[in-house]
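The values are calculated or read from the model by the stated rules, or taken from the named source; none is laboratory data. This structure is a prediction, so every number in the text was calculated from the model and none was measured. Every residue, glycine among them, receives a Cβ derived from its backbone with ideal geometry; neighbour counts consider all protein chains shown.
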Amino acid sequence: MSFDEWVCFGIPEEIIQQASSWIAELDAGNISASRQAVFLHWLDENPQNRWAFEELSEAWAKTSVLTDIETQIETPQVVPFSRQSVLSNTNPTSIQTNKDWLHFGAIALIIIGLIFANI
Amino acid sequence: MKSSTKPEDICLSAVIEKTSKPLKKALASLVPEAEIEEILQDSYLQLHLTARRESIANPVAFVHRTARNLAINRLRQKKTSERFVESHFANPEVNDQSEFKRLSLIREQQVLIDAINQLPPICRQVFVMRKLHGYSHKDISQRLSISTKTVENHLAKAIVKCRDYFVKQGADIGLISSAIEAA
């Protein structure tokens, strides 16, 4: 499982949130025996619980190997859009820009015309 | 020498008894009804075959996991034809497998960076302190003057939000590939 759309695919939001809470609680590393029993019971209660927990745990574990990308986090220049949304927006934006320039050009011509008419 | 009731058979029927009903219910949200039975049979078969080679600590977990993988593989395959068009257009020069793998790794890492960057500031800071700097929950709570429970809540929120972001990314790719196919 990787960082893709299949992580927790088809699993209800509520279960995803429960699984995330368990990962965070286990990550603290000081879970009591009674809480651990509750956790194991939750895990076996429903196949979807285990699916959500295992898939999110794997993604969570994978993020530990990210130290080399630290410079790319929390810096303003990395925050912008994904490549996909830039790609899908390219055409409408450039057409829009051209229209804006047309309007601007037309108004400029009218103004120039008025100036010359007055002269 | 082989008796008619081998230990793994007994184990298998107990596992089937315990798992088939909840699995059917859970699989119903993933695949069409006609495929559920097939996936179940395949999962039990894999359990049976694997159990002959090695001991399986938790057969129920094994079956759950296998069924999920089989279902997701089917869903993935259904999307492959759309995705092929997209990847072919995106990387026409990529021929060898290792180069393709390298590019997917870079892409995967980029998605993760973007996912982390879209987290709310405090949530992102807690996440970075924990996962990149390796601070304990207690250290983080002291440095940010918040409770350890709040640290936990921020981390849980970060996991949910990153996952939401992966899903959104996947949907974007799907839209582009169907747009290319329609063109």
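Tabulated results
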quantity	calculated
Lone qualifier among A:51, A:22 - being of a type in the set (Phe, Trp, Tyr), closer than 17 Å to residue B:148 by Cβ and free of Cβ contacts under 8 Å to residues at least 60 places away in the same chain	A:22
Scope the stretch A:1-55; condition facing chain B (nearest Cβ under 7 Å), farther than 18 Å from residue B:69 by Cα and not in a helix (DSSP H, G or I); matching residues	A:28
Every pair of residues 6+ apart whose Cβ atoms lie under 7 Å, when the first sits in the stretch B:140-154 and is within 14 Å of another protein chain (Cβ to nearest Cβ) while the second is in a loop (DSSP other than H, G, I, E, B)	B:141/B:147; B:148/A:28; B:152/A:28
Verdict on residue B:30 being assigned to a helix (DSSP H, G or I), within 14 Å of chain A (Cβ to nearest Cβ) and surrounded by 16 or more Cβ atoms within 10 Å (Cβ to Cβ)	no
Matching option when the condition is under 19 Å from the mean Cα position of the chain (by Cα) and either modelled with pLDDT of 90 or more or of a type in the set (Gly, Ala, Ser) (or both), among B:122, B:116	B:116
Among the residues listed as B:45, B:23, the single one being touching a residue at least 24 places away in the same chain (Cβ under 8 Å) and out of contact with any strand residue (DSSP E or B) (no Cβ under 8 Å at 6 or more places or on another chain)	B:23
